[in-house]
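So the structure is just underneath, and the comments pick up after that.
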Amino acid sequence: MDSDNTKTANTSAEETQKAGTKKSASGAAKNSSTNSSSSASSGTSGSSTSSPSSMQNSQTSGPKDYSQEATKDGPLYKFFLDGLKDMYFSEKHILEALPKMKAAATTEELQEAFEDHHLVTQKQVSRLEKVFKTIEEKPEGKKCEAIIGIVKEGESIIQETEEGTMTRDAALIIAAQKVEHYEIASYGGLVALAETLNLDRAADLLQTTLEEEEETDLDLTYIAESFINFRAADEDDDDDSEDYEYDDDDDDRGLIL
């Protein structure tokens, strides 16, 4: 009897111990699950917070690479190519006009300036052909109405001024400088586009031509301001005096129109 009670007590104790162990294990598992869920939630939150920053860094990591525009299909490249064709036509058109301007000039200084400009322009045509070659394009011109109009204006000056006068030379210099200013603006823009498109060799060649055009403009200014403009002004004074005649009977030598 006592043996049965002892056995029953031992069995009850074992069951109680097992139940406690099972409850402890269940609690640990629950805590583990809760911690894992919290950790996962924290990780998701952190990822969500850093995502906009990553996108912003990606967008502001550096300047846009425009070199991709330097393709045959890129609109900026096509505009650049059209500009080259415009200047190729312009330089050849100027070559045809310069001998006429030299022949019409009065002073040796201006004649030599036009001759030098002609030689420089020939080199510039060859340099443009090199630019075409560096970008693997065929050298060809595109009709430029702007340069046609400027050159035509210069030719009209020859018809409107008297041969052998400083006034004609002063007017021819202004006409020539209008050509130079168009070229300076055009080549300046082409240099900037070539640099944007990472066409470094083309940019260097065009920069050389730009500097030559600026130098020619300065030379023409020097010739005009050193003596031609002053002599042209004297011609105006002489013309004004011819519009008057003296009255010999007037002691005050009054001028009569």
Exercise. Looking at this model, which pairs from 133/178; 100/123; 78/123; 92/130; 123/143 are more than 22 angstrom apart at the alpha-carbon?
Worked result: 133/178; 78/123
Exercise. Stretched out fully, how many nm does the piece from residue 181 to residue 111 gain, at 0.36 nm a residue minus the Cα gap?
Worked result: 23.2 nm
Problem set entry | Those residues of region 82-100 whose amide nitrogen sits under 18 Å from the label point placed on residue 155, 7 Å along Cα→Cβ | 89-100
Exercise. Given R₀ = 35 Å, FRET efficiency for residue 163-residue 208 by Cβ-Cβ distance, to 0.05?
Worked result: 0.45
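We did not get these values from a lab; they are worked out from the coordinates using the rules stated. Quick caveat: nothing in here was measured; it's all calculated off a predicted structure. Note that each Cβ is placed from the backbone with ideal geometry, even for glycine, and that neighbours are counted across all protein chains shown.
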